[in-house]
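Worksheet: one structure, shown below.
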Amino acid sequence: MATDRSINESTPTTDVTRRAAHAASDPTAKAAEQPTPPPKKSLAELRADATRARGDLASTLDAIEKKLNLPHQIKIRVRRVRYGLRTLGEDNPIAVVGIAVTAATVVGTAVWLGVKAVQRR
């Protein structure tokens with residue numbers, strides 16, 4: 001038969017359980033664990049906090065609306081592409097000519113294939 005001593009020795013005691021037992025017996029530890037209440041705010045401070053929170057919420061909603069507004073996002077992308085092409089044209093005009101020729105070739109080929117498909121019907 002196992003004695004009480006062997007049972008206690010077989011169950012491992014961790015630092016956490018030791019600290020919890022010590023904290024339960026220490027009255028100063030209980031006082032330290034209780035959070036201090038936040039300081040009381042005046043009505044003007046509460047209103048200022050609410051106004052600030054409303055402003056933050058409004059700016060967040062505006063940012064979300066701007067991100068989800070597809071026509072606006074398309075305008076932004078078009079402006080970026082135009083600016084990139086303009087900058088590329090100033091730095092390397094031959095590259096812009098190559099891009100224009102390639103685009104014209106692709107559009108011309110697409111139109112030609114479309115006309116051929118209509119003529120076969």
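Here are some notes:
- Boolean, Leu46 is modelled with pLDDT under 95 and aliphatic (A, V, I, L, M): yes
- Pairs, first assigned to a helix (DSSP H, G or I) in segment 94-107, second among the small types (Gly, Ala, Ser), C-beta under 6 Å, six or more apart: Val96/Gly89
- Every residue from segment 97-121 that is among the polar types (S, T, N, Q) and over 18 Å from Arg82 (Cβ atoms): Thr105, Thr109, Gln119
Residues are listed down the side, and each one gets a yes or a no for (1) in contact with a Lys or Arg (Cβ under 8 Å, 6 or more places away or on another chain); (2) exposed (fewer than 10 other Cβ atoms within 10 Å of the Cβ); (3) at pLDDT 85 or above; (4) not in a loop (DSSP other than H, G, I, E, B):
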{"residue": "Arg18", "(1), (2), (3), (4)": "no, no, no, yes"}
{"residue": "Lys30", "(1), (2), (3), (4)": "no, no, no, yes"}
{"residue": "Pro39", "(1), (2), (3), (4)": "no, yes, no, no"}
{"residue": "Leu61", "(1), (2), (3), (4)": "no, no, yes, yes"}
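The values are calculated or read from the model by the stated rules, or taken from the named source; none is laboratory data. Predicted, not measured: the structure shown is a model, and the values here were computed from it. Because the Cβ atoms are built from the backbone with ideal geometry, glycine has one as well, and the counts that use them run over all protein chains shown.
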